[in-house]
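The values are calculated or read from the model by the stated rules, or taken from the named source; none is laboratory data. What you see is a predicted model, and the numbers here were worked out from it, not measured in a lab. All Cβ positions, glycine included, derive from the backbone under ideal geometry; neighbour counts span all protein chains shown. Ligands, DNA and RNA are stripped out before the accessible areas are found, and what is left, the full protein with its side chains, is counted by its heavy atoms. Shrake-Rupley method; radii C 1.70, N 1.55, O 1.52, S 1.80 Å.
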Amino acid sequence: AASADVAIADPSGLHARPAAQLIARAAAFDARITLENVTNGRGPVPAASLIALASLGARRSDVLRVRATGRQAAEAVEAIAAILQREAKAAAPAAIAVSGLAIPVAPGVALGPLVRLVRSLPDVPETTVDDIAAEVERLRRALELAAQDLDNALRGSDILDAHQALLCDPALVDEALSRIERDRCNAAWAFCQAIDAAAVIYRQLEDPYLRAREADVHDVGHAVVRALLGGSAGTVPDGPPAVVVVDDLTPSEAARLDAARVLGVIDRRGGPTSHAAILLRAAGIPAVAGAAALVPEAGGAHAGLDGATGEVWIDPDPETALALEGRRAVLRASRRPAAARDGRLRLACGREIELWANVAGPSDARAARDAGALGIGLLRTEMPFLGRIDEPGEAEQAALLAETFAVFAGAPIVVRTLDAGGDKALPYLALEAETNPSLGVRGVRLSLARPALLEAQLRAILVAGRGHDVRVLIPMVSTAAEVSAVRAALERAHDALAAAGMPHRWPVATGIMVEVPSAALMAERLARQADFFSIGTNDLTQHTLAAERGHARLHALADPAHPAVLRLVRAVVEAGHAAGRPVSVCGEAAGDPDVAPLLVGLGVTQLSMCASAFDAVEDALAGATFAELAAAAEEALAVDEASAARATRAAARRPG
Ligand code: PEP
Ligand code: MG
């Protein structure tokens, strides 16, 4: 046995970083090591748990007694004492960028106080499980996924070690495992109970700095529960309207942001075609992504951003702030009156291009109607239910659909069946954690795996669709068999409603999303079963270039203007037109002023986008003839890179 009394040298006490180092170092010795705070009488606790070490409440100058038994006891005590005596290097003042470029996500200028999105644990259902071994395995898998997730989010940050230490902290993991085994509770509930117990330990500490590390525990709890349930519950702190900074905004968080309180969003990660980005655009909240280097952990007090250019200012000086106010006023004044729009625009040669809207529910349907959309080109039916724990019943779904359809009464409405999975987690579905969720059981695959869920939704669509020009769209189709299976489910839904004497829409045109390369390549065959095609360039780009759509570092690669994507679009347009099937584009590329002209040049005549993009797309197409756009598209197909493809349209626009 060996022992030593050591006074803590670090001005912040035994905080998370040295504690994480201490645990890692302690594990390397063949010794049982404990620490006790002689100054305040707490402990002894084992040197294996971050939470146990935190409970010592060890501040600067407190004397800790390090004791060890075992073969390497003496070496262990010496090494641990050295860590405790190490004085923290003076923290460098946080370097705050005055200005920099992030990825543009949602247009608009925002300026205001900077606040962080606060993440607490989402509501977790207290259910019991039958298969304990499977539940233990789920927890282990979720811990691995959370470790990967935190590693991605916090790489290079000095809090990563502490988070990783918490993920294997026996005070959390053993506690959660024993709850699963003893109480048969589900993994998420068990882990949350362990997190709550750990949080209480932190809350009781006197030292405010150490007490604040409770946030780390919640962060870790959040990551694990997210891996298990998919949900997420970030909230904006109370206070005046603010610019919100966040790490990887989830779709369910984006859906809950209140445009009256959120002036703008700076995502330190993320990209322009993530579902969170789509929801921000729909809500009219200016946003940028991939801003980790611009907004350090320490943040700032104020921020400005321009969501169209990607510019970000942290603590802008008064002159910059004034200039930003000016930019905001100009933007507001330049918005076009919607009354002038009838859902169609004419090229200089007379060809008509239709402007349709992507919506999620009644409120953005109203905004789209007011902006003059021709119809709904994509109703994302999963969006209203992001974060829901209880399954929406058939009647609730039908009521919500009917409210949305009523906004576009008399106009064409394309309703997509549930596109859950991937980054769109619906907690009530209790999806299995997947290593590659965007290549997993999502979209139509999930609907076909849960036929009762699919048929309930189809019945709701048919009932609400009575009297409306409703069409059904199938997401993430990769093979013909999926299309025939959904068609068969539609027939069953119709039969069931007819048998029950429920009036409903029938027959109903059924189209497919082309967003998996296999579907694009097989479009000619799929045209036998699909009444129309809608090209989802967001997923099609991600899958063609094998570049995740929400990944900040792959933003330049995941560009729908890449000639590989454009070639697939051309193939689909040719196959569709040869078979007499309409082809629209409903991915974000349709609303991208650089890419929309190329899509039109490839023969697309229906563009479906967030209604706030109408002005920019009209401007991009103004004065062009189809022949000019077709020439630009032809050139774009023949270049090597997306950047060169984008430039072809710009070159075509230059006179001469
Ligand atoms: C797409 O993938 O382009 C698309 C429109 O679907 P979502 O963005 O909802 O995945
Ligand atoms: Mg998609």
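Some points to look at:
- Maximal additional length on extending the residue 488-residue 85 stretch stands at 137.9 nm, based on 0.36 nm per residue less the C-alpha distance.
- Across the chain, C-alpha contacts under 8 Å between residues 6 or more apart give a mean separation that, scaled by the residue count, equals a relative contact order of 12 percent.
- Region 356-370 - phi-based ³J(HN,Hα) in whole Hz, Karplus 6.51/-1.76/1.60, Gly and Pro as x: 10, 10, 8, 9, 10, x, x, 6, 6, 5, 5, 4, 5, 5, 5
- Fraction of antiparallel bridges per DSSP, the chain only, in percent to nearest 5: 50
- Heavy-atom accessible area per residue - the chain, 1.4 Å, Å²: 41
- The separation of region 56-73 from region 264-331, counted between C-alpha centres, amounts to 47 Å.
- Degrees, to the nearest 10: 642-653 long Cα axis against longest axis of the chain: 40
- Top positive-direction residue, dipole computed over the chain with Cβ charges, set 56, 439, 637: 637
- Of 634, 253, the residue with the largest accessible area leads and the full order is 634, 253 (1.4 Å probe).
- Spatially, region 177-207 and region 587-603 are offset by 51 Å when compared through their Cα centroids.
- Distant-in-sequence amide H partners of residue 265 (H built 1.01 Å from N, under 5 Å): 244, 287, 288
- Estimated distance in nm for a label pair at residue 528 and residue 546, the labels positioned 7 Å out from Cα along Cα-to-Cβ: 3.1
- Accessible-area ranking of 202, 428, largest first, probe 1.4 Å: 428, 202
- Residue list for region 1-37, given a label point 7 angstrom along the Cα-to-Cβ vector of residue 69 and an amide N cut-off under 20 Å: 1-5, 26-37
- Region 122-230 shape via C-alpha gyration tensor axes, a/c threshold 1.5: oblate
- Here the contact order of region 343-651, divided by its residue count and restricted to Cα pairs under 8 Å and six or more residues apart, works out to 18 percent.
- Gyration tensor verdict on region 2-84 (Cα atoms; rounded if a/c is under 1.5, prolate if a/b is larger than b/c, oblate otherwise): prolate
- In Å², nearest 10: area of residue 319 left accessible to a 1.4 Å probe: 150
- Each label was represented as a point 7 Å from its Cα along the Cα-to-Cβ direction; for residue 496 and residue 128 these points are 3.1 nm apart.
- Take each peptide in 596-604, 34-42, count the other Cβ atoms within 10 Å of every residue, and average; sorted highest first, the result is 596-604, 34-42.
- FRET efficiency, 1/(1 + (r/R0)^6) with R0 45 Å, evaluated for residue 302 and residue 5 via beta carbons: 0.45
- Peptide packing: for 207-217, 432-442, 14-24, the average count of neighbouring Cβ atoms within 10 Å per residue gives the ranking 14-24, 207-217, 432-442, highest mean first.
- On Cα atoms only, tilt of 563-578 relative to the major axis of the chain in degrees: 40
- From its DSSP helices (H runs of at least four residues, each -39,500 (n - 2.57)), the chain gives a residue-normalised ellipticity at 222 nm of -13000 deg cm²/dmol.
- Using R0 = 60 Å, the C-beta based FRET efficiency linking residue 521 and residue 24 works out to 0.75.
- Residue 201 versus residue 322: modelled label distance in nm, points set 7 Å from Cα along the beta carbon direction: 5.5
- Amide H contacts of residue 42 (H built 1.01 Å from N, in plane; Pro and chain starts excluded): 37 sit under 5 Å, all sequence-distant by 5 or more or on other chains.
- Cα-based Rg and Dmax for region 426-499, where Dmax is the largest Cα-Cα distance (Å): 13.6, 43
- Once the Kirkwood radius over Cα pairs is known for region 497-656, the Stokes-Einstein relation at 20 °C and 1.002 mPa s delivers a diffusion coefficient of 131 µm²/s.
- Tilt relative to the chain, helix 187-203 - C-alpha long axis, 0 to 90 degrees, to 10: 50
- Binned Cα-Cα distance frequencies in region 487-571 - 5 Å width, integer %: 3, 14, 20, 15, 12, 11, 9, 8, 5, 3, 1
- Anisotropy class assigned to the chain is prolate, per the alpha carbon gyration tensor with a/c at or over the 1.5 cut-off and a/b larger than b/c.
- Percent carbon-and-sulfur accessible area, the chain, ignoring ligands, DNA and RNA, probe 1.4 Å: 53
- Dividing the mean sequence gap of close Cα pairs (under 8 Å, 6+ apart) by how many residues region 227-312 holds gives a relative contact order of 25 percent.
- For peptides 69-80, 516-527, sequence by mean Cβ density within 10 Å, most packed first: 516-527, 69-80
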